[in-house]
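Contents: one structure, followed by commentary.
The values are calculated or read from the model by the stated rules, or taken from the named source; none is laboratory data. Only a predicted model underlies this, so the values are computations on that prediction, with no experimental measurement involved. Cβ: placed from backbone, ideal geometry, glycine included. Neighbour counts: every protein chain shown. In case anyone asks, the SASA skips ligands and DNA or RNA and just uses the protein heavy atoms, side chains included. Shrake-Rupley method; radii C 1.70, N 1.55, O 1.52, S 1.80 Å.
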Amino acid sequence: MMAMGIFLFILLLALLVLFFLKQLWSRRHLPPGPLALPLIGTLWANGVWLREDYFIKNVKQYGNIYSMWAGPHLIVVLSGFKAVKEGMTSFPEEFSDRPYDGFFSTLEIRRGIVFSNGHTWKQQRRIGLTSLRKLGLGKKSIEHQIEDGAQRLVEIFRQTEGQPFDPSLPVLNAICNIICTLSCGCQFAPEDENFQKLIQALKNIVNFTGNFFHIMYGLFPQIMKYLPGFHQKALASRELILSFAKQEIEKHKESHSLHEPQDFIDYYLLQMEKSRNDPNSTYNEENLAQCIFDFFGAGTETTFATLMWALLLLINHPDIQEKVQKEIEDVFGFSGTISYQDRKKLPYTNAVFHEMQRLKYILLAGVPRQSTKDVKIRGYLIPKGTVIATDLRSVLLDPEQWETPEEFNPNHFLDKDGKFIEREEFLPFGIGERACVGEQLARIEIFIFLTSLLKTFSFQLPQGVKELNEAPLIKVTTHPHPYKLCAIPTQA
């Protein structure tokens, strides 16, 4: 009996050795990385949960291009500005696909902008960019809508009368209303029940994305959809947002206002009409609803988190806040509105806003890509179907590119004469053909909201609080810990 046990042990050991040797041989041309185990891949080395230093250990051990495995799925991570730029600009077509996601892509149908591929993606991205550009024109442009939203937020802050308050809900309401205006031309009162349901649904999806249930759903969608768990709440939230989008589409179809389009739905329905006889057209109501879902998912959470970090940094660095306010006052005084074009008159303010986004990056990694064919980079093979992850944190904190990467230093974006300088290493919105469609919209929102608030208030710590916590909460995005502030009106 004992001899049989020893034999089985030796056999098992031999099989494991053969497995690892076979793995090493079959993967000899891939970028290096931790040893992948059956079923769990490299999760034993990296863990399931995202954290601020998730990618740092692998970079130190394996370099700026390395492999990870999620079960049987190969993930190649590009880290540091040079590797990310090389990968995304040298292989724009090869790294242009999105990997399948069981939650966001139902029944292998990939719709909308974010998770579609090929011809569908190109058409949906084109209508997204074209519509945003057209909505930026005229008296009712999206910029004027943002200015109105910023003034409403100023009034809400004013009502606090300098007392401590949590700014997160009014900021989130304001940003979400901008997406509502952009998508369907509607505005909601903060207390509107349907509006609050929409915001809660967005929160549910953000909290779900990237967590354990999301990973399991991606691996086993046909099983997970029948099991209880947090993913069921996320699925219901997804359906609520899509239902909202479809209701708004029906309202727009009944209004017959395509001769004078006012929002994204109008422009999209107009494009559907123009493409009615094109057999290759992917402009349809299903893709339109998913595009609206994408706008809410991508356009609300990231801008909201950016503004929450910005207010926190301004409070923790009162000297920088004061310099920004002085520049605004010197150029514009205390009256009138500030447009996005005015950023050229505010070099220090513009540098501070960029530095906030650099230091307090919202995404640890860009939305994953997938290789459409075999690619060789720096002598490594990246096979067709490989998931490509860009380590954005390593780009925005790259010590080879930034003088003081871990410090809040607006001089990163100023020359010796105090003039603002663009930096190609500044990539909070991604890089390449699948960079964020709403990048320009987000830039306008951040600039107008912050200048409007800083022109009206000085932000201070509540009495008894010495400093706000700058450690991030890591979800699919990075958030500051909840905090309160005091908005003290400035004197005219």
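Data table
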item: Residue selected from the range 458-492 under the condition in a loop (DSSP other than H, G, I, E, B) and among the aliphatic types (A, V, I, L, M), by the criterion most open to solvent (accessible area, probe 1.4 Å); result: 492
item: Boolean, residue 428 is touching a residue at least 40 places away in the same chain (Cβ under 8 Å), under 20 Å from residue 169 (Cβ atoms) and in a loop (DSSP other than H, G, I, E, B); result: no
item: Residue match in the range 156-164 (condition: over 30 Å from residue 463 (Cβ atoms) and part of a helix (DSSP H, G or I)); result: no
item: Number of positions in the range 62-86 that are among the hydrophobic types (A, V, I, L, M, F, W, C) and out of contact with any helix residue (DSSP H, G or I) (no Cβ under 6 Å at 6 or more places or on another chain); result: 8
item: Residue ranges of helices (runs of 4 or more DSSP H) in the range 203-263 with at least 1 members surrounded by 14 or more Cβ atoms within 10 Å (Cβ to Cβ) and among the charged types (D, E, K, R); result: 230-255
item: All helices (runs of 4 or more DSSP H) inside the range 29-148 with 2 or more residues being at pLDDT below 90 and more than 20 Å from residue 371 (Cα to Cα); result: 43-46, 56-62, 118-135
item: Candidates 198, 202, filtered to the one that is in contact with a Cys (Cβ under 8 Å, 6 or more places away or on another chain), under 30 Å from residue 43 (Cα atoms) and touching a residue at least 24 places away in the same chain (Cβ under 8 Å); result: 202
item: Candidates 153, 169, filtered to the one that is modelled with pLDDT under 95, under 25 Å from residue 468 (Cβ atoms) and not small (Gly, Ala, Ser); result: 169
